[in-house]
Amino acid sequence: MSDSDDEAEGPAVPLGAGESVEGAPLARVSSRLHYAIGKREIVRREGDTVIRTPDGPRELASVLEETDEVYFDTRRAFEAAVQDVVGVGPVPTADE
């Protein structure tokens, strides 16, 4: 099979036709951190990162301000704290 045959087939996964969703997935942000970690350190490193939420994009620092947690011993603890603030559900797209 030549390179031109690969290009003619298109992507292996069909891409959506709508506009891209603003913000990074929470999982991507949490994967860049090392645990155990304090809230201040997360804000210092990733606070200006915009994450996707069910209510639209939000800056991570503002989300963390709304949680009482100051220390996250695991990735799951961090993600749970963020999800407690922003909720869990589908992220709205421009088509919705």
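The values are calculated or read from the model by the stated rules, or taken from the named source; none is laboratory data. These numbers come from a predicted model, not from an experiment. No Cβ is skipped: glycine too gets one built from the backbone with ideal geometry, and neighbour counts run over all protein chains shown.
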Practice prompt. Residues being among the polar types (S, T, N, Q) and under 13 Å from the mean Cα position of the chain (by Cα): count how many of those fall in the stretch 67-96.
Written response: 1
Item to complete: Filter the stretch 41-66 for residues that are touching a residue at least 24 places away in the same chain (Cβ under 8 Å) and either within 12 Å of the chain's Cα centre (by Cα) or surrounded by fewer than 16 Cβ atoms within 10 Å (Cβ to Cβ) (or both) and give the result.
Response: THR49, VAL50, ILE51, ARG52, THR53, PRO54, ASP55, GLY56, PRO57, ARG58, LEU60
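What helices (runs of 4 or more DSSP H) lie completely within the chain and have 1 or more residues being in contact with a His (Cβ under 7 Å, 6 or more places away or on another chain), at pLDDT 90 or above and not acidic (Asp, Glu)?
The helices (runs of 4 or more DSSP H) meeting that bar number zero.
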